[in-house]
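Below: the structure, in structure tokens.
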Amino acid sequence: MIYITLNTFKALGVREDLIQGLTELGIKTPTAIQREAIPFLLAEGGDFIAQAQTGTGKTAAFGIPLLMRIDPENRAIQVVVVAPTRELAKQIGKQLFRFTKYCAQKIFVEVLTGGDKIDRQETALQRPTHVIVVTPGRLVDLLGRKTLSLESVKLLVLDEADEMLNLGFRREVAEICAKTQARQATWLFSATIPGEVRKLITDYMSPQAQSLKIDQKHVVNRDISHHYIVCHTAEKTDRIAKFLKRQGEDRGVIFCRTKAGAIRLYEELEECGYALGILQGDLMQSERDKVLRSFRKGRFQFLIATDVAARGIDVEGLAFVLHHQLPEQNDYYTHRSGRTGRAGRPGVSIALISSREKQDIAKLGLALGLKFAEMR
């Protein structure tokens, strides 16, 4: 794809009412994926494959064009967005709702995920619904109950396709593709394109599908400053506790690589008197939702989380992110650090490392195009 040097959403062809919604969210300058995807999806709108990681701005990259394709007068479901997890689906639905705040004609978006009461979802679908954001299993369940029809669907969006297949949803995705055969386009977003995703593309998308790849150096938010602290493992809790003490009313997230490490750090900091919450893999979905609600409402100041449990963290006004350990993969660092520095506000990302991990920080900076400064 030819790189398009357009630096405003108006220049990309986005409607003024949607630009107003983006501006209110602090989204004023298009990211790399938005600059390249939006003009194609508005002008051509055919099958589209984007290799892009979390943090690239892909929700707006597909969300704005899909909203501009909606006919508000048609009460039927016109767009299906499929996401691998409940947390991501809710996050996408929330963003689409916010984008449409200033639209003259109401666009109705419904989020349908496992873990929520299916009876309530069936009732909600009796209202006009233009866009559904779904997890694969729940959509197949609703199709089996004949609760909804996909006959009017003209666009199918598959977000985080590699994660979807990693979670074992190939059969469900195949069924969804089969039930939307009248669609005009499929837009697929994936951090990686392994064999399983390649087969999905071959089976259900046009051979002439447009492709786009956003490299990692276009991913990380430039409003975030990146730092590291060298210390022994035994000193980490004390260094974190002293850092938190200096934060005043500022709020943030502390990431741990393992569930056991997150629980241990939570217990140690709780003993120091800090107001904390924790998200880790053993929590039931209802428990995760409760923790996130409490954090959003400010009932505690700091949140400890593992990477697996953290995909749904979308909390405004976080001043910092701490990394108790470096993540296993570069894209996890992007996802972690992206919890801060939102809506044009500055943020700070700090990793606690051993002296032997200095080379890992150097490699991470090189891979992501970042400069890490040492803190003492």
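The values are calculated or read from the model by the stated rules, or taken from the named source; none is laboratory data. What you see is a predicted model, and the numbers here were worked out from it, not measured in a lab. All Cβ positions, even for glycine, are placed from backbone atoms using ideal geometry, and neighbour counts span all protein chains on display.
Counting just the residues of region 282-320 that are modelled with pLDDT under 95 and of a type in the set (Val, Ile, Thr), which one comes out farthest from Ala262 (Cα to Cα)?
Val315
Conditions tested, residue by residue: (1) at pLDDT below 90; (2) at negative phi; (3) surrounded by 14 or more Cβ atoms within 10 Å (Cβ to Cβ).
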residue: Leu6; (1), (2), (3): yes, yes, yes
residue: Glu36; (1), (2), (3): no, yes, yes
residue: Gly46; (1), (2), (3): no, yes, yes
residue: Phe62; (1), (2), (3): no, yes, yes
residue: Leu66; (1), (2), (3): no, yes, yes
residue: Arg69; (1), (2), (3): no, yes, yes
residue: Glu73; (1), (2), (3): no, yes, no
residue: Val81; (1), (2), (3): no, yes, yes
residue: Thr85; (1), (2), (3): yes, yes, yes
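Pairs only if they're at least six apart or on different chains, beta carbon under 8 angstrom, first in region 178-203 and within 19 Å of Pro136 (Cα to Cα) and outside the structural domain of Asp331 (by TED's automatic domain parsing), second part of a helix (DSSP H, G or I) and of a type in the set (Phe, Trp, Tyr); list them, first residue then second.
As it stands, the answer is Thr186/Tyr204; Trp187/Phe62; Phe189/Phe62, since those pairs meet every condition given.
State whether one or more residues within region 265-277 are buried (at least 16 other Cβ atoms within 10 Å of the Cβ) and under 20 Å from the mean Cα position of the chain (by Cα).
So the first thing to find is which residues in region 265-277 are buried (at least 16 other Cβ atoms within 10 Å of the Cβ), and the list is 265-266, 269, 274, 276-277.
Checking the rest, the ones that are also under 20 Å from the mean Cα position of the chain (by Cα) come to none.
No, that holds for no residue.
Contact list please: Cβ distance under 8 Å, first residue in region 333-353 and closer than 22 Å to Arg376 by Cα and among the acidic types (Asp, Glu), second residue at pLDDT 80 or above and not in a loop (DSSP other than H, G, I, E, B), pairs at least six apart or on different chains.
Note: no pairs meet the criteria.
The conditions are (1) within 20 Å of the chain's Cα centre (by Cα); (2) surrounded by 16 or more Cβ atoms within 10 Å (Cβ to Cβ), and Arg293 fails exactly one of them. Which is it?
(2) is the only condition that Arg293 fails.
Report whether or not Thr129 is under 17 Å from Arg69 (Cα atoms), surrounded by 21 or more Cβ atoms within 10 Å (Cβ to Cβ) and over 17 Å from the mean Cα position of the chain (by Cα).
no
When both residues are 6+ apart or on different chains and their Cβ atoms are under 6 Å apart, which pairs have a first residue that lies in region 242-262 and is outside the structural domain of Gly341 (by TED's automatic domain parsing) and farther than 25 Å from Asp331 by Cβ, and a second that is of a type outside the set (D, E, K, R) and surrounded by 13 or more Cβ atoms within 10 Å (Cβ to Cβ)?
none
If you take just the helices (runs of 4 or more DSSP H) that sit entirely in region 214-300, which of them hold at least 1 residues that are under 30 Å from Ile33 (Cα atoms)?
Numbers: elements: 236-245, 259-271, 285-296.
Helices (runs of 4 or more DSSP H) meeting the threshold: 285-296.
Restricting region 51-83 to residues that are polar (S, T, N, Q) and closer than 21 Å to Val197 by Cα, which is nearest to the chain's Cα centre (by Cα)? If you could, list the steps in order and put the result at the bottom.
Taking region 51-83 as the starting set, the residues that turn out to be polar (S, T, N, Q) are 51, 53-54, 56, 59, 74, 78.
Then keep just the ones that are closer than 21 Å to Val197 by Cα; that gives 51, 53-54, 56, 59.
On the way: Gln51: 14, Gln53: 9, Thr54: 6, Thr56: 9, Thr59: 7 Å.
Looking at residues that are polar (S, T, N, Q) and closer than 21 Å to Val197 by Cα, I get Thr54.
Mind checking which residues of region 19-28 are more than 17 Å from the chain's Cα centre (by Cα) and at pLDDT 90 or above?
Result: Ile19, Gln20, Gly21, Thr23, Glu24.
Would you point out which residue out of Arg69, Arg75 is of a type in the set (Lys, Arg), in contact (Cβ under 8 Å) with a residue 40 or more places away in the chain and under 15 Å from Leu18 (Cβ atoms)?
Numbers: Arg75 fails: under 15 Å from Leu18 (Cβ atoms).
Within the list Arg69, Arg75, the selection yields Arg69.
A quick yes/no check of all residues on (1) among the aliphatic types (A, V, I, L, M); (2) within 26 Å of Ala60 (Cβ to Cβ):
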residue: Ala174; (1), (2): yes, no
residue: Thr180; (1), (2): no, yes
residue: Tyr204; (1), (2): no, yes
residue: Gln210; (1), (2): no, yes
residue: Val230; (1), (2): yes, no
residue: Gly248; (1), (2): no, no
